[in-house]
């Protein structure tokens, strides 16, 4: 039996399988079905076989629901009308929205052509017009999602992702190196989980955390967990934050993470898609799953670690 492509054309609109949407949003398939059946929040397209398919509008709705629950709104309090109102507010500034979309499409064109000079021109131009926080939220994060969709639907390539990842890693690395370092505030050890080689999300989180006043000890990706306690003690850290885009290995969840929790009396947080895919297992160890939404996770760290003036 042929494997079904995760996207198809339907009146000009691409539709994605529940597995693809789950990987992109960090919301598990079981949760998506519950939001549909119990709360009537998402209405996917149904194939004759009964399989669910989701549009980009559905993906936007899922991300809005995740943001609302991250702000403390109970899922039972969220209604379809609330989501429609938020969408209407987002659509009201159509000119700005179209500008970001045009810029995103121009960057994708440069990436497809592997044209670093054109990519540099677009990126520098948008940075000259908007603060970096806006560029990150309105352009870089949507662009990473779009590249992920291209790869999932076999319209893009691994080479495209690697090309842009290398470019962006250099840009973010330079920003991080020249950042204004906080001289007070909680000190956080930041690293990638074992087997995790994606650096972009880690760098974006580090930059955002630095802006919030955290002092950072960064160790990069694929960090052995048996070395974290020693580094945290040597540097006087107040917390450990680990990140991952893939599901952690069984031995990480059943052996190394519980050992780290028992070895050091510091709060340990896990962010990224890994924290969604293994949420229950992470929380069971005594660590805390932060979820995939960077702003929501960072807000939680602020509320727990930053003391008010």
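No lab work stands behind these numbers, since they all come straight from the coordinates. What you see is a predicted model, and the numbers here were worked out from it, not measured in a lab. Counting neighbours? That spans all protein chains shown, and the Cβs are built from the backbone with ideal geometry, glycine included.
Straightening the chain between residue 184 and residue 67 buys 39.2 nm, computed as 0.36 nm per residue apart minus the Cα-Cα spacing. Set the Förster radius R0 to 35 Å, insert the Cβ-Cβ distance between residue 304 and residue 162 as r into 1/(1 + (r/R0)^6), and round the FRET efficiency to 0.05. Efficiency, from the Cβ-Cβ distance: 0.45. Working from Cα pairs under 8 Å separated by at least six residues, relative contact order for the chain is 13 percent. Its Cα gyration tensor gives the range 226-309 an equivalent ellipsoid; the semi-axes, largest first and in whole Å, are 20, 18, 10. Distance between the 7 Å Cα→Cβ label points at residue 85 and residue 57: 2.0 nm. The angle separating the long axis of helix 56-70 from the principal Cα axis of greatest extent in the chain is about 30 degrees. Between residue 33 and residue 250, the C-beta separation translates, for a Förster distance of 41 Å, into a calculated FRET efficiency of about 0.95. P(r) tail, the range 159-309: Cα-Cα pairs separated by more than 23 Å, 32% of all pairs.
How much FRET efficiency would the formula 1/(1 + (r/R0)^6) give for residue 176 and residue 45, where r is the Cβ-Cβ distance and R0 is 45 Å, rounded to 0.05?
Numbers: r = 42 Å, r/R0 = 0.93.
So the FRET efficiency works out to roughly 0.60.
Between 0 and 90 degrees, the angle of helix 116-129 with respect to the longest Cα principal axis of the chain falls at about 80 degrees.
So if I take the alpha carbon set of the chain, get Rg, then get Rh from the Kirkwood formula, what is the Rg over Rh ratio? If you can, show how the numbers build up before the last one.
Details: Rg = 20.1 Å, Rh = 20.9 Å.
Rg divided by Rh gives 0.96.
Separation of the range 150-228 from the range 23-78 is 28 Å, based on Cα centroids. Rounded if a/c is under 1.5, else prolate if a/b beats b/c, else oblate: with a ≥ b ≥ c from the C-alpha gyration tensor eigenvalues square-rooted, which is the range 94-177? Here the range 94-177 falls in the oblate category.
Relative to the dominant Cα principal axis of the chain, helix 94-112 is inclined by about 80°.
The DSSP beta bridges internal to the chain are antiparallel in roughly 30% of cases.
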